[in-house]
Each structure stands twice: as structure tokens, then as C-alpha cells.
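Everything on this sheet refers to the single structure shown next.
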Amino acid sequence: MIKKHLPVLAATAMLFSCTEQEQKSPNVIVIMADDLGFSDLGCTGAEIIKTPNIDYLAENGIMFNQFYNASRCAPSRASLLTGHYPHTVGMGWMTVSDLGRDGYAGDMDTLSPTIAEVLQQNGYATYMTGKWHVTFNKFQTNDGPKHNWPTNRGFDRFFGMLSGGGGYYIPRSLAEQDQRITPPEDFYLTDAINDHTVEYIEDHFKNKKDQPFFFYLAHYAPHFPLHAPREDIEKYLGKFMMGWDSLRTIRYQNQLEAGLIDESWQLTPRAEGVPAWESLDDTTKIIQDAKMAVFAAQMHRMDQGIGRLIQTLKKHDELDNTLIVFLSDNGPSNENIGRDVYMSDLDNFGDNSTYVSYREPWANVSNVPFHLYKSYSHEGGISTPFIAHWPEKIKNKGKVLNQRGHIIDLMTTILDVTDTEYPGYVRENKTIPPEGTSLYPAFAGEPFERNALFFEHESNRAIIKGDWKLVAARYGWPWKIGPWELYNLKEDPTEMHNVIDEYPGIADQLENEWNRWGEENNVLPMDTKNWNQKIEASVR
């Protein structure tokens, strides 16, 4: 068994009665949002978007302000599920294509067990609702191989999507258990995910109340397209007319006042390709306000479902004994999806007749105080809000921790808090131990040091070690591998001042370490020619 970080002296243990009932193993719920930016929650700076239930988890739990994902949907999900860097399990890119190399196979490796598979061995019931997105597209049909469907990777029950998206009203790959299904006429994806989440938990307490459970709730919201119920959209229409410039400043000030950041976190300038709000005509402002209103409505509906989950746990007196973790799979999306929006679209905007994204101007609000977005390895692409709520164990409730964490840490953390041993073999193959660090000490108010962290996606790459970050962004089309930049994150958390010319020796050391990691984890060589051909032919 994995040893707890909080020591219990034998002499102290003897003070308790030998007949005292052993403490029940904790339930664990991991909630992942999709394309949610660092500042999109009320507790992380959002001024208009209402997320009272997620905020409740933060107020009664803890938040990390330096938590990282793998910068894109599929890679982050593979890392969460396995505790490995995405390339180690074949998910360095997406599921739409196999790039012909082990690190970019597009189908999650079955040699590494998932959290659900490991916890099943320790007597846990396991459930999942929402977005899967770690199996090759051609394997998502009923007649295709199902080795990487959730119910074949450790989950007792599953409802959700196998693919990365396709809309909230007519999703591409809706499935329940091990069968693709057709949605009913009144279907809205976020509601369906929330309904099945509550249903699964109610069924669990009815039929397996003495058994602990693990639940992976992977929301599609607020990923594009901008689809939301009209009643929620109308709550927000007109509320973003102050524009992105004002809202970026307001969110930044809210973050400072909340103690999420300090003055060393400078607010990055408005993105180069984004016009000043005051330069827009009135019609354009109304259209842009509507885009953000739908985005806010998507967030609102997701948050309401999380509130139902919290109330269900309270109803069954299980909230205190449940570790709930909330995070996002990547930074906000600046992708230009669908045609532009016109005034004639607004009466029906947000229903199934439209299919658009909110694009860079609003993504530049969602990533306050950072720059760059989803797919990049700069802070705006890899930084996520991270909330942990567990009343029985978490000390210093409501505190923001200046603690560095990574999505690969979730496997190790969950094994730790559930006293579960990682298997030496799976499917008769020897396993590689997970690469993360347990966050459990931080839950008890004990900071810890961690090893270097590594990143690569679509030729964007980085290493973070101590105070230093070496990072590079690909550029142009066809893509080219960009030059390295060096930042001191202690002094410059928002990457405003590239100091590579001042510290070439540090840059060289970090580059050598990144190259060594790349060789060992199926990252190198980065083949931009292959990248460009595959991406040009793919549908994201």
C-alpha cells in the first residue's frame, strides 16, 4: 500500500479503541471542464459569469494558482487517466490521425492502466459521464474495436461522448455503456451529462452505499460551438457591452484582490490581433456581446449541474468524505470556428442553427493575466484553475496555494488518498509507474518541492524547473519550430520579459534536459512536415 504523507505515531494510535470502526475510504470525483480559461470562474476573477457552485468548492477547499495541464483536449485526458505524459501513452496529438510514431498514435496505450482500472482493484465502484476523446476516431463506431471505450478501461458505467465534440444538440458520438445511442429531440448535452451524473450517484447510494466510488465527470462546456438554452443566454445578453479591454482589467483586479495572484503577475497587453473595443461600431459590439453571453450561459448551465452533484452528496451525508477536484483540460480556445455572426443570426443565436466559436478577442479575456491559448506551452495555454474540496482532510479552507502541480499528479494523488497500490502488471504486461507527485501534502497545508515539468504539443514545447521556464511557440503556416524563450517565473509569472540572452547557460541546461525527456518519452524528433500534412487534412 502507498504510505500516507501525514505520519501517525504508533503511540498515538494506541489511544484509540481497538473496536473503533475503521474510517470509510473516501469517494473521489474529478470534474474537468473543456476550454475553460484561467479567469473564467467567479473565484478566479470572472466579473459577470456566475459560477456559485464551483466557487463554493473553492471557498470551502483550496486552490492552486500554478497548476498545469497538457494544453489540449486529448493529451490532457490521457495524462489525467494514466498519470503519464501524453506521449508516453500514445496521445501526444489528437485522435483524428496516427502520425506513424508511438508518441502520436492517436489511441491511448492499453499497457498503462487508468485510474478507474486501478481503483477497481481496490474495491471502488467507477463511473464516468462526459467527454472521453482518447480513442482513434475510426474506433468510435458500434462495429469498431472497443478496447479503449470507457467500460473496457475500468469504468462500470459510462454516458457521454467518445469524440472531441460535434455540438450540444446533435453530438457526433454519444454513447452509453458500450453502445452508440441517438439523442432524444429535447437533448442538450450539458443537461444530459448532469442528469446521468446524478442518476449514477443516486443508484450507487441505493445499491452500493457501503462501497466507495470514483467518478470522472468530464464536461464538454464551455468548448465551442456556442450552444446554450435561450433562458440562460438571456440572463447575460447586454452584460458584456463594456468590452474586452475593460473586462480584462476588471478580472485582473479581482484576481489581485482575491489573493489569487500578486503584483509580480503583470497583466499582459491586449493580444496583437485584437482591436480595441472602442474602435468597434455599435453593431459589432452587439454581436460580440452575444457571443460572450452564450459562452457565459454554457458556463452557467455546467455550474448548475455541479450544484446538483453537491446537493446529492449532501443528501446522502457523503460530501465530507468525498474528494472533489475541478480543473480544465487546456487554456481558452482562440480558434476561428464557423462563419462570422450577423445581426440577423441573433434571434436564434445559440441554438442548433449556428455553429461558431467566440474567437481570440474573448479568449484574451478568458486567459487573464496570461497570453497565448489552447495548444501553446506558454502560460495561457497550460494554466488551469485547480480546486480541491475535501472537508475531512483539507486544512486552511479558502486558501490559495502557491504550489506547482500538473495533471499527471492526479493518478498519484488519488492512489495516495485511497490507499491504493499501483499494479506491477496489467494485461500480462509490466507497467511503468506513474510520473506524477502526490498533492496530498498540500491538502494538509504542507508545501512540497517537485521535479521538472515538461510540455509538447504541435511543436509548442516547454520545461519548467525551479524558478525557470524555457518555452517555444511554433509559428507560421506551414508550421515552423519556434526559437526558445527563457523566463524567471518567480519574478515574471506572466512571461513578459524574455531573458534568454542574459542567461544562455541556464537555457542550454534546460534545453538539454528537455531533449533528454523528449528522447525518452516518444516526443522527438518533431516532424513539422508530417504535422502540417496531417493537420491540413484533419477536422479538429
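Only the coordinates and a few stated rules stand behind these numbers; no lab work does. Only a predicted model underlies this, so the values are computations on that prediction, with no experimental measurement involved. Cβ placement follows ideal geometry from the backbone for every residue including glycine, while neighbour counts extend to all protein chains displayed.
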Student exercise, the chain dipole from Lys, Arg, Asp, Glu Cβ charges, in Debye to nearest 20: 680
Compute the FRET efficiency between residue 500 and residue 480 as 1/(1 + (r/R0)^6), taking r as their Cβ-Cβ distance and R0 = 22 Å, and round to the nearest 0.05. 0.75
Is there a quick way to get the dipole size of the stretch 400-444? I mean about its Cα centre, with the Cβ of Lys and Arg at +1 and of Asp and Glu at -1; what is the value in debye to the nearest 20? 140
Need the full-extension length gain, residue 516 to residue 344, defined as separation in residues times 0.36 nm minus the C-alpha distance. One decimal, nm. 56.4 nm
When 204, 378, 497 are ranked with the fewest other C-beta atoms within 10 Å first, the list becomes 497, 204, 378
Can you give the FRET efficiency to the nearest 0.05 for residue 143 and residue 353, using r as the Cβ-Cβ distance and R₀ = 35 Å? 0.65
Neighbourhood net charge (12 Å Cβ-Cβ; Lys/Arg +1, Asp/Glu -1) for residue 372: -3
Per the charge dipole of the chain (beta-carbon charges, Lys/Arg positive, Asp/Glu negative, Cα centre), the residue among 254, 309, 274 reaching farthest to the positive end is 309
The chain - share of DSSP beta bridges that are antiparallel (%, nearest 5): 50
Excluding residue 127 itself, calculate the net charge of residues whose Cβ lies under 11 Å from the Cβ of residue 127, where each Lys or Arg counts +1 and each Asp or Glu counts -1. -1
Longest exposed-site-free window of the chain, the sites being GluC sites (Glu not before Pro) in a DSSP loop that have at most 13 other C-beta atoms within 10 Å: 23-184
Residue order, fewest to most beta carbons within 10 Å, for 412, 283: 283, 412
Centre separation in Å (Cα based) which lies between the stretch 334-377 and the stretch 405-428: 36
Unit charges on C-beta of K, R, D, E only; dipole of the stretch 292-372, Debye: 120
Among 36, 23, 394, the residue whose Cα sits farthest towards the positive end of the charge dipole of the chain (+1 at Cβ of Lys and Arg, -1 at Cβ of Asp and Glu, taken about the Cα centre) is 23
The stretch 271-288 versus the stretch 140-189: alpha-carbon centroid distance in Å: 38
Using 0.36 nm times the number of residues separating residue 337 and residue 177, minus their current alpha carbon distance, what extension gain do you get? 54.5 nm
Computed FRET value (nearest 0.05) for residue 98 with residue 430, which takes r as the C-beta separation and R₀ as 35 Å: 0.90
When the charge dipole of the stretch 25-537 is computed with +1 at the Cβ of Lys and Arg and -1 at the Cβ of Asp and Glu, the Cα pointing farthest to the positive end, of 154, 237, 466, is that of 154
One finds the C-alpha centres of the stretch 447-511 and the stretch 36-100 to be spaced, in Å, by 20
